[in-house]
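Notes follow the structure.
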Amino acid sequence: MAYDRENIFAKILRGEIPCEIVHEDDHVLAFEDINPQAPVHVLIIPKGAYENMTEFAKKASAEAKTAFIEAVGTVVNLKRIDKTGYRTIINNGEDSLQEVPHLHVHVLGGRRLGALLST
Ligand code: AMP
């Protein structure tokens, strides 16, 4: 399926919808999740048009991949959850219930998180 340029994160990247930025560089944007599931809930997205991790793994440059991983380290340091611990989640496709078809990693922390899967 072709990348949907009207998805909400594409609109955030184009500045059409506001977000609360946590971190930004040439390759990534990190912002607060609008419906936080923990005291810290940040989303990190690549600036390139990738629907999910499968596509990103196949098509993104090494530089973009490095930046995506490094952004996790930057965000957990900025949010001071590097020592207390955190969880990263990437939903991909239908079975994962991915809502927004632009690759994003959830960074969650700031409290003791529950079981990995609820059902
Ligand atoms: P997923 O189910 O993995 O696709 O997660 C999508 C996430 O995007 C959810 O946690 C939503 O709360 C979040 N979200 C949706 N719209 C916005 C928005 N405009 N700004 C920030 N986060 C959003």
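The values are calculated or read from the model by the stated rules, or taken from the named source; none is laboratory data. From a predicted model like this one, the values you see are computed outputs, not experimental measurements. Cβ sites come from the backbone with ideal geometry, for glycine too, and all protein chains shown count toward neighbours.
State whether the residues of the stretch 93-110 include one that is surrounded by fewer than 18 Cβ atoms within 10 Å (Cβ to Cβ), more than 15 Å from the ligand (Cβ to nearest atom) and acidic (Asp, Glu). Within the stretch 93-110, none of the residues are surrounded by fewer than 18 Cβ atoms within 10 Å (Cβ to Cβ), more than 15 Å from the ligand (Cβ to nearest atom) and acidic (Asp, Glu). Assessment of the stretch 77-92 against the conditions (assigned to a helix (DSSP H, G or I) and in contact (Cβ under 8 Å) with a residue 12 or more places away in the chain) yields at least one matching residue.
Any residue that is within 15 Å of the ligand (Cβ to nearest atom), assigned to a strand (DSSP E or B), within 26 Å of residue 116 (Cα to Cα) and at pLDDT 95 or above - is there at least one of those in the stretch 46-63? Explain how you work it out, then say what you get.
Going through the stretch 46-63, the residues within 15 Å of the ligand (Cβ to nearest atom) turn out to be 46, 50-56.
Those left that are additionally assigned to a strand (DSSP E or B): 46.
Within this subset, residues satisfying the condition of being within 26 Å of residue 116 (Cα to Cα) are 46.
From the residues that got through so far, the ones that are at pLDDT 95 or above too are 46.
For the stretch 46-63, residues within 15 Å of the ligand (Cβ to nearest atom), assigned to a strand (DSSP E or B), within 26 Å of residue 116 (Cα to Cα) and at pLDDT 95 or above: present.
Total residues in the stretch 80-109 satisfying the condition of being over 24 Å from residue 50 (Cβ atoms) and within 15 Å of the chain's Cα centre (by Cα): the figure is 1.
Taking the conditions (1) within 11 Å of the ligand (Cβ to nearest atom); (2) among the β-branched types (Val, Ile, Thr); (3) loosely packed, with under 12 Cβ neighbours inside 10 Å in turn, residue 119 satisfies each one other than (1).
Taking the criterion of being within 14 Å of the ligand (Cβ to nearest atom) and outside any loop (DSSP other than H, G, I, E, B), would at least one residue in the stretch 18-28 satisfy it? Break it down into steps so the answer makes sense when it comes.
Here is the first cut: in the stretch 18-28, the ones within 14 Å of the ligand (Cβ to nearest atom) are 18-22.
Still in the running and outside any loop (DSSP other than H, G, I, E, B): 21-22.
Yes: the stretch 18-28 contains one or more residues that are within 14 Å of the ligand (Cβ to nearest atom) and outside any loop (DSSP other than H, G, I, E, B).
Filtered by the rule that a residue be without any contact (Cβ under 8 Å) to a residue 60 or more places away in the chain and surrounded by fewer than 19 Cβ atoms within 10 Å (Cβ to Cβ), the stretch 28-48 gives 32, 34, 35, 36, 47, 48.
Filtering 113, 117 for residues that are farther than 27 Å from residue 60 by Cα, assigned to a loop (DSSP other than H, G, I, E, B) and without any contact (Cβ under 8 Å) to a residue 12 or more places away in the chain leaves a single hit, 117.
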